[in-house]
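Right, one structure below, let's go through it.
Here, each number is a calculation from the coordinates, and none is a lab measurement. Computed from a predicted model, the values in this text were never measured in an experiment. Every residue, glycine as well, gets a Cβ built from its backbone with ideal geometry; the counts of neighbours run over all protein chains shown.
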Ligand SMILES: [Zn+2]
Ligand SMILES: [Zn+2]
């Protein structure tokens, strides 16, 4: 186990992406760390040549920074001391279980993440005014996520039909049959089953492979990382599925652009893979839990690029106003159309008569459209937010938070607003510690 301490003052040092080295959380002095190119990948044809999953005994260690006893479970590779914030790296575990082939070092600081999440939350069309009401960042944790990354050459035989939609809903089908070859690179499958797939997919897709470099233990100082919990065999099966649908969409794109087909149906679609290779990559991300108006919102922030993904608050007032305005505009269009077509106002004896039935059906129609739009917005954007402090139903969040601050007897820690939880606050770089909750 390693603790990187400062030569000048003895304080704990953490990886700092901006300076490209370690930085002392106490006095701010930095030590640069060289970077090397990624170790590459491992070719294989036989799934048995894939590495197995490892885990170690749960250990109780004494923090070299403050002397406190800390529990580290068998999958932990790096963590922060919950008392003094010192970054502890179990580099031996990582080396014994199979050193990752490539790492994208963390570039964004915890303080920057707070700001990014607030800006992102406020940037949406229906976002509430975040200057008047405070968006509280309740929990923030930098974490390296393992990904099994596959590449392969694929030979595909396909047989089926491609169709063009004709007027009146008819489709004219034509047989398509052939073979094609594709090279598929960088199909990533999350190696940690606790992380929700869309959040993990976002982190992987938004990190360009150029950011990857060879593994060094210093990168993990101050972040959390865990050994993979998804076996490479399971990951390979998932990767093959993803590669197959990639091939299918490449083929369909070609058929669409060349011959205008837009419907596809296959009798057979056989893919044979060769030149298979894999590597284990670690990609940094922050998991952030915010509270706004009694609800919980969860974001992942790419630790390399600062891009944000997740749920965000929506102002129901703004959505309602937009829907009412939309309905009014729609009604106006309908009435104008009817009026110019001579259906709304007709000449009658001694003046004009308005067809109130048409007006009424216009009101009903635009009202229904507005209500549907309101409901769709509510379901799509507002509902994914969690209810008041209710994280119990979110297994993946519970796992992430539980690992980072294990609570006694498996009870889930509850938020206690406004309490700074850990003694020694300020010793490590601000914002890098798990924040503001304690075991209830
Ligand atoms: Zn120092
Ligand atoms: Zn400590």
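By DSSP, the beta bridges lying fully in the chain are antiparallel in about 95 percent of cases. Extension gain for residue 170-residue 364 works out to 66.6 nm (0.36 nm per residue, less the C-alpha to C-alpha distance).
Length gained on full extension, residue 399 to residue 380, computed as 0.36 nm times the residue gap minus the Cα-Cα distance: 4.3 nm. If R0 is 30 Å, the Cβ-Cβ spacing of residue 57 and residue 277 corresponds to a FRET efficiency of close to 0.40. Compared with the dominant principal axis of the Cα atoms in the chain, helix 232-259 is inclined by about 30°. Multiplying the residue separation of residue 357 and residue 111 by 0.36 nm and removing their Cα-Cα distance gives an extension gain of 82.5 nm. Taken along its three principal axes, the alpha carbon spread of segment 129-182 comes to 59, 41, 11 Å, from the longest extent down to the shortest. Taking only Cα atoms, what is the 0 to 90° angle, nearest 10, from helix 395-404's long axis to the longest principal axis of the chain? With both axes taken from Cα atoms, the answer is about 30 degrees.
Taken over the Cα atoms of segment 317-382, the convex hull encloses 71 Å³ per residue. The long axis of helix 356-377 is offset from the longest Cα principal axis of the chain by roughly 10 degrees. Between the beta carbons of residue 340 and residue 305, assuming R0 = 45 Å, the FRET efficiency works out to 0.30 to the nearest 0.05.
When the Cα gyration tensor is reduced to axis lengths a ≥ b ≥ c, the ratio a/c is 1.5 or higher for segment 57-178, and with a/b not above b/c it is classed as oblate.
Its residue count N fixes a reference of 2.2 N^0.38 Å for segment 182-266, and the Cα radius of gyration divided by that reference is 1.45. If every alpha-carbon in the chain counts as one equal scatterer, what log10 I(q)/I(0) does Debye give at q = 0.13 1/Å? Taken in order of the listed q values, log10 I(q)/I(0) reads -1.17. Site pair residue 186 and residue 210 shows an inter-label distance of 1.0 nm when each label is modelled 7 Å from Cα along Cα→Cβ.
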